[in-house]
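First the structure, in the form of structure tokens, and then the observations on it.
The values are calculated or read from the model by the stated rules, or taken from the named source; none is laboratory data. All of these numbers come straight from a predicted model, not from anything done at the bench. Ideal geometry is used to build each Cβ from the backbone, glycine not excepted, and the neighbour counts take in all protein chains shown. Calculation scope for accessible area: heavy atoms of the full protein, side chains included, ligands and nucleic acids excluded. Shrake-Rupley method; radii C 1.70, N 1.55, O 1.52, S 1.80 Å.
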Amino acid sequence: MPVALNSCLLVWLLTLTVLQLPVLDSAPFDVVAPQEPVLAIVGSDAELTCHFSPNASAEHMELRWFRARRSPAVLLYRAGQEQEGQQMAEYRGRATLVTDGLRDGRATLRILDVRVSDQGEYRCLFKDKDDSEEGAAHLTVSAVGSDPHISVNVQENGERELECTSSGWYPEPQVQWRMASGDMLPSTSESKRRDEEGLFTVAASITIRDSFVKNVSCCIQNTLLGQEKVEEIFIPAPFVPRLTPWIVAVAVTVLALGLLTIGSIFFTWKLYKERSRERKDKFGSKERLLEELRCRKTDLHEVDVTLDPDTAHPHLFLYEDSKSVRLEDSRQILPDIPERFDSWPCVLGRETFTSGRHYWEVEVGDRTDWAVGVCRENVVKKGFDPMTPDNGFWAVELYGNGYWALTPLRTPLQLAGPPRRVGVFLDYESGGISFYNMSDGSLIYTFPTVSFSGPLRPFFCLWSCGKKPLSICPAASGPREITVIANSQDSVPSSPLGEGSSSGDTHPPL
């Protein structure tokens, strides 16, 4: 009797095992996605990973990464290869599958050159025959913008209006005004707008009525990353003289003398305009410059400058003639060599100067953001060191709506008109670097004399993308000599904030 019972139990167990075999063959699986959002910086690469449990190879499965709808997909992997024809247009060339983990059941989506529009939920779907499961991962995007730029406007009543601007932030940043003591000052107005790429540009204003406030800083914060950028400025004290009787008497006298001389000034101005018109008809822009600067005999040699591709930032695209360059949103895959700029969008000229007097011309046209000048050959090309003479840069720029000399506290330049062609004049032995508007022959800026050591090279930088390139003008007919004023004492527009002061504006990374 016990033997018969054991036999029946054995037959029942074998039958149950056989019945369970199809179920084991089609056992369901679970898809596991990261619980925490993946944080990525704009312009960098991001990876989102899903895997299924139990671990097994996913090499022969269909893998689909998608957003709101399954089709078109961010990425579709089927029959052992990516299906580009069923991929969303905005992810073509930017989204790819990392296949290293497929054998272990991991599907990693890599997104190149992350944009603000990439933020949000991504769903990963594993499909094996008739069985499919999916999970969800979240990508959070962030960006730290440019250094703040502070401008000052002193009113007639003595109040000083400060405006702080910066661009390239995400998500929406916070702006704070701080005194030297650390106390906060409320903004009188604040605006934030998004550009075509979804990045925020902020502008905040404040009015200073207390004449004892000397130093104020503007702080812009990215609360998601816990990072901030701060710019401090020294505020000149307002000068409001008391109107004593003798001051009134002097003012009336000066006004009377001014009225008596208006006639002569008018006729002098009219004569000057007529002579200027005659000279304009007689000479071209460059010839006028040479005529005006003929009072001194310093020989300069015109240099046929070309661009060095080994120094160009990956977002800079050089033309075939190596004399024109433009800035693009897309990033080139280039060797990361020590000579190449990796943060500032800059490029150097091939030519080096260790002696002599030289000049070249740059066609800036109607581009809105650029910088041109000279730098030491061994300047730091990695990271975001300020482009100042202390770091080996001597340059002027157009940024936003203003022209600046890149001095330690950036000097604003008041120009009569926008230059379309800039001449760079270098006198190595005397330590002089000057910039001229080659359209009308006027001086743009002259840097204080410096003692050079080591090779110098032409320097170019672009701050905004666009189809209009920055171009180096070809030399007229090889090296030639011209005459300019050495160590010119012409009036150089100074900062409205006083000697050595400025807005302190600098620029963002790419």
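Of a type outside the set (S, T, Y), modelled with pLDDT under 70 and surrounded by fewer than 19 Cβ atoms within 10 Å (Cβ to Cβ): is that true of K270 in this structure? The answer is no for K270. Checking L415, L426, L409 one by one, the residue that is aliphatic (A, V, I, L, M), touching a Phe, Trp or Tyr at 6+ places or on another chain (Cβ under 9 Å) and either at pLDDT 95 or above or open to solvent by less than 20 Å² (accessible area, probe 1.4 Å) (or both) is L426 and no other. The strands (runs of 3 or more DSSP E) found entirely in the stretch 373-430 that carry 1 or more residues being over 23 Å from T352 (Cα atoms) are 393-399, 402-405, 411-413. Candidates S464, S434: the one that is open to solvent by 10 Å² or more (accessible area, probe 1.4 Å) and in a loop (DSSP other than H, G, I, E, B) is S464. Within the stretch 176-214, which residues are at pLDDT 90 or above, exposed (fewer than 12 other Cβ atoms within 10 Å of the Cβ) and part of a loop (DSSP other than H, G, I, E, B)? Answer for the stretch 176-214, where residues must be at pLDDT 90 or above, exposed (fewer than 12 other Cβ atoms within 10 Å of the Cβ) and part of a loop (DSSP other than H, G, I, E, B): D195, E196. Scanning the stretch 41-92 for residues that are over 19 Å from G135 (Cβ atoms), of a type in the set (A, V, I, L, M, F, W, C) and surrounded by 14 or more Cβ atoms within 10 Å (Cβ to Cβ) yields a count of 3. For the stretch 78-96, the set of residues classified as of a type in the set (K, R) and out of contact with any helix residue (DSSP H, G or I) (no Cβ under 7 Å at 6 or more places or on another chain) consists of R78, R94, listed by residue number. Look at G454 and say whether it is assigned to a loop (DSSP other than H, G, I, E, B), open to solvent by less than 50 Å² (accessible area, probe 1.4 Å) and in contact with a strand residue (DSSP E or B) (Cβ under 7 Å, 6 or more places away or on another chain). Judged against the criteria, G454 is a match. Cβ-Cβ distances below 6 Å connect no pair with a first residue in the stretch 30-47 that is within 12 Å of V141 (Cα to Cα) and free of Cβ contacts under 8 Å to residues at least 60 places away in the same chain, a second residue that is open to solvent by 70 Å² or more (accessible area, probe 1.4 Å) and assigned to a loop (DSSP other than H, G, I, E, B), and a separation of six or more residues or different chains.
For the structure I just gave you, tell me whether E363 is surrounded by fewer than 20 Cβ atoms within 10 Å (Cβ to Cβ) and more than 27 Å from K467 (Cβ to Cβ). In short, no.
One residue stands out among those in the stretch 93-121 that are of a type in the set (D, E) and not in a strand (DSSP E or B): the one that is surrounded by the most Cβ atoms within 10 Å (Cβ to Cβ), which is D118.
Okay, residues lined up against (1) touching a Phe, Trp or Tyr at 6+ places or on another chain (Cβ under 8 Å); (2) open to solvent by 20 Å² or more (accessible area, probe 1.4 Å); (3) modelled with pLDDT under 90; (4) of a type in the set (D, E, K, R):
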{"residue": "E278", "(1), (2), (3), (4)": "no, yes, yes, yes"}
{"residue": "K282", "(1), (2), (3), (4)": "no, yes, yes, yes"}
{"residue": "R294", "(1), (2), (3), (4)": "no, yes, yes, yes"}
{"residue": "H301", "(1), (2), (3), (4)": "yes, yes, yes, no"}
{"residue": "D308", "(1), (2), (3), (4)": "no, yes, no, yes"}
{"residue": "L318", "(1), (2), (3), (4)": "no, yes, no, no"}
{"residue": "K323", "(1), (2), (3), (4)": "no, yes, no, yes"}
{"residue": "L334", "(1), (2), (3), (4)": "no, yes, no, no"}
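Of the numbered criteria (1) open to solvent by 20 Å² or more (accessible area, probe 1.4 Å); (2) free of Cβ contacts under 8 Å to residues at least 60 places away in the same chain, the one L398 fails is (1).
A quick yes/no check of all residues on (1) open to solvent by 40 Å² or more (accessible area, probe 1.4 Å); (2) not in a loop (DSSP other than H, G, I, E, B):
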site	(1), (2)
R123	yes, yes
S132	yes, yes
S142	no, yes
G145	no, no
S151	yes, yes
E156	yes, no
S166	no, yes
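For first residues located in the stretch 200-219 and closer than 16 Å to E231 by Cβ and among the basic types (K, R), partners that are open to solvent by less than 50 Å² (accessible area, probe 1.4 Å) and not in a strand (DSSP E or B) and lie 6+ apart or on another chain with Cβ distances below 8 Å form the pairs K214/I235.
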